[in-house]
Amino acid sequence: AFEVEIASTRRIIPVAPGQSIADALLKCGIDVPMSCEQGICGTCLTKVISGIPDHRDTFLTDQERSANNQMTLCCSRSKSNRLTLAL
Ligand code: FES
């Protein structure tokens, strides 16, 4: 498990194992634009301010992945205890 921080409000939202970040945000009333929900389309792509994403999508290139400054919220997870998102 890990948590995400919403940069604009400093709100901390826990993400349970097996739960997507998008789902955790939605349960807290934060709507993430989504389409495929499988890491293919990039609709849910969000800027990462700090933390290390665990990329599970097939949308980003290897180069984009290693920059660690954006991620797909429908399926990707976190390698760090906390991810701060530009939301
Ligand atoms: Fe398509 Fe996340 S909704 S990549």
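Could you identify which residue out of Asp23, Asp54, Asp62 has the top mean-square fluctuation in a GNM of the chain using Cα springs shorter than 10 Å?
Asp62
When only Cα pairs under 8 Å and 6 or more residues apart are kept, what is the percent relative contact order across the chain? Before the final figure, lay out the partial values.
Values: 183 pairs, mean separation 32.2, N = 87.
Once divided by the residue count of the chain, the mean separation gives 37 percent.
Quick one: Leu26, Leu45, fewest Cβ neighbours within 10 Å first, how do they rank? Could you put the intermediate results ahead of the total?
Numbers: Leu26 14, Leu45 17.
By the 10 Å Cβ count, ascending: Leu26, Leu45.
With runs of 4+ DSSP H residues as the only contributors, calculate the mean residue ellipticity of the chain at 222 nm using -39,500 (n - 2.57) per run, divided by the residue total and rounded to the nearest 500. It would help to have the intermediate numbers written out before the result.
On the way: 2 runs with 13 residues, N = 87.
Computed mean residue ellipticity for the chain: -3500 deg cm²/dmol.
What is the stretch 10-49's relative contact order, in percent, from Cα pairs under 8 angstrom and six or more apart in sequence?
Values: 21 pairs, mean separation 9.1, N = 40.
Relative contact order here is 23 percent.
The numbers here are math on the coordinates, done by the rules we state, and not lab data. Owing to the predicted nature of the structure, the values given are computational and were not obtained by experimental measurement. Positions of Cβ are generated from backbone atoms using ideal geometry, with glycine treated the same way; all protein chains shown enter the neighbour counts.
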